Amino acid sequence: MLNKKREITDINEIYAVLKGCNTIRLGLTSPDGPYIVPLSFGIELDNGVVTVYVHGAPKGLKADCMRDHPHVCVEGDIFIRTERMKHGITTRYESVIGFGTAEQLTDMDEKKHGLQLIDEHYGEGSFNLDECKSLAGVTVWRVRLTKISGKHDLASM
């Protein structure tokens, strides 16, 4: 990062920014080149490691890419505002970029845990997954972020 004053190094602050995101983008490798897909997600911080959970259909380009090339990039950002400057207009935002390996969860308890975190992230934590009839057909992926960085705009704080 060129401007070190904007870098977020504290994992708890990075986690807070990512937790504040409505959507993440998952960068994948496809047969045609880079593939980026916006996703809903769940998140947890455990012993200094940020883990992201996503879900989707068991078939399709996203699932194929994660199976064939599980090393992925996760990006999340929060738009704050635009601001007029002497030289023009700038955008104030916070963002997180992380890298990890996508792991398809097959254990039902792990799948439920990931889905529960997704539900909680969107304010639906009271949803009873045991009553969900389509749970077996949902694919849940876990991405432990082994490399992660954050950026904030000092003017926004």
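The values are calculated or read from the model by the stated rules, or taken from the named source; none is laboratory data. In this text, all values refer to a predicted model and were calculated from it rather than measured experimentally. For neighbour counting, all protein chains shown are included, and Cβ atoms are generated from backbone atoms with ideal geometry for every residue, glycine included. The accessibility values were calculated without ligands, DNA or RNA, using every heavy atom of the protein model including side chains. Shrake-Rupley method; radii C 1.70, N 1.55, O 1.52, S 1.80 Å.
Couple of notes before you dig in:
- Calculated mean residue ellipticity, 222 nm, the chain: -6000 deg cm²/dmol, from DSSP H runs (n ≥ 4) at -39500 (n - 2.57) each, averaged per residue and rounded to 500.
- Each Lys and Arg contributes +1 and each Asp and Glu -1, all at the Cβ; summed about the Cα centre of the chain, the dipole is approximately 740 debye.
- With Cα atoms as the point set, the chain shows a radius of gyration and Dmax of 16.9, 57 Å.
- Zero-based 5 Å bins, Cα pair distances in the range 17-100, whole percents: 3, 12, 21, 20, 15, 12, 8, 5, 3, 1, 0
- When a 1.4 Å probe is rolled over the protein heavy atoms, the share of accessible surface on the chain that falls to carbon and sulfur comes to 51 percent.
- Amide hydrogen proximity for residue 8: with H placed 1.01 Å from N in the peptide plane, the residues at 5 or more positions away or on another chain lying under 5 Å are 150, 151, 152.
- For the range 23-70, the Kirkwood estimate of hydrodynamic radius, built from reciprocal distances between every pair of different alpha carbons, is 11.8 Å.
- When each of 59/111; 19/147; 19/112; 111/147; 86/151; 112/151 is checked by Cα-Cα distance, pairs over 28 Å: 112/151
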